[in-house]
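Written below as structure tokens is the structure these notes are about.
Read-outs throughout are calculated quantities, based only on the coordinates presented, and are distinct from any laboratory measurement. Values in this document were obtained by computation on a predicted structure and should not be read as measured data. Cβ coordinates were reconstructed from backbone atoms using ideal geometry, including for glycine residues, and neighbour counts include every protein chain displayed.
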Amino acid sequence: MPPRIAIAPCRRMPDYVESVRLAGGDPWALSYAADPVEAVVAACAGLLLTGGADVDPARYGEPRHATVTGVDVERDEYEIALVEAALAADLPVLAVCRGLQVMNVAAGGSLIQDIPSQVGTAVPHQVPEPKDAVAHGVSVAPGSRLAALMGAAVVAGRLPVNSRHHQAVRRIADGFVVTSLAPDGIVEALERPQARFCLGVQWHPENFVESGAFLPLFAGLVSAATR
Ligand code: MN
């Protein structure tokens with residue numbers, strides 16, 4: 001039986017569902033109302049955290065920058081509780097974009113609230129269309145889980161990725177390590193080495209569902225969830 005992969009509520013669900021299905025998992029699109037956190041963690045074999053709007057900066061003790069948009073207090077509450085429970089249970093976790101940021105905040109880290117005004121960079125991190133357009137390259141740390149999963153797709157230590165985010169990880173949560181950086185030093189992947197499987201990426205691997213370029217990340221999650 002394919003392992004059941006819980007997918008955090010999201011407005012652009014189809015590519016996540018299809019990616020999990022293609023990787024051999026049984027996708028379970030969650031809703032806040034119907035799926036309390038304890039029930040999700042008890043009934044799923046892995047967790048996929050999805051993209052979306054900005055995490056409330058109050059969650060990491062900062063005042064809100066003028067560019068922060070779309071804060072959804074209910075979603076923050078639900079996903080932070082989900083991450084805490086999943087990490088405590090050592091449930092396999094793959095986190096995408098906002099998901100990476102939520103995971104870092106839930107574990108005690110903080111975020112850059114607005115890359116253009118707080119970092120200033122020539123690297124295009126905000127390329128919304130087409131959704132699978134390559135925006136920039138990222139480094140891949142040798143020996144990381146990311147490197148193991150992506151294999152030969154990593155050429156000369158680099159991987160081409162899409163990008164649509166104006167925020168990024170700032171202070172890294174305890175227990176996590178950076179395994180990918182953009183050329184400007186923006187964090188593009190975090191891993192939790194002591195976990196069974198815990199990987200977060202700042203790009204959108206689910207948008208490559210047609211080419212399958214990033215299917216290995218979803219396959220890694222499903223494989224870790226199968227036992
Ligand atoms: Mn980027």
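Observations on the model:
- In this structure the amide hydrogen of His65, modeled in the peptide plane, comes within under 5 Å of no amide hydrogen from residues 5 or more places off or on another chain.
- Both radii were evaluated on the Cα set of the range 64-166; the Rg over Rh quotient, with Rh as the Kirkwood radius, amounts to 0.99.
- Ratio of the Cα radius of gyration of the range 4-226 to 2.2 N^0.38 Å, where N counts its residues: 0.93
- Beta bridge orientation in the chain: antiparallel %, DSSP, nearest 5: 50
- Couplings 3J(HN,Hα) for the range 32-43, derived from phi with the Karplus relation 6.51 cos²θ - 1.76 cosθ + 1.60 (θ = phi - 60°), are 4, 5, 8, 10, x, 3, 4, 5, 5, 5, 6, 10 Hz, where x marks Gly and Pro.
- As computed over the range 53-94, the Cα convex hull volume per residue (Å³): 75
- Scanning residues 5 or more positions from Ala95 or on other chains, those with amide H under 5 Å from its amide H are Leu49, Leu199, Gly200, Val201, with H placed 1.01 Å from N in the peptide plane.
- Phi-based couplings in Hz for the range 137-146 (Karplus 6.51, -1.76, 1.60; Gly and Pro marked x): x, 9, 7, 10, 5, x, x, 7, 5, 4
- Value of [θ]222 nm, deg cm²/dmol, for the chain, DSSP H segments ≥ 4, -39500 (n - 2.57) each, nearest 500: -7500 deg cm²/dmol
- Efficiency of FRET from Cβ geometry, Leu181 and Ala152, R₀ 25 Å, rounded to 0.05: 0.75
- Applying a DSSP loop filter and a limit of 16 other Cβ atoms within 10 Å to the trypsin sites (Lys or Arg not before Pro) in the range 120-197 leaves Lys131, Arg171, Arg196.
- Annotation for Ala141 and Ala66: the two label points, set 7 Å from Cα along the Cα-Cβ direction, are 3.6 nm apart.
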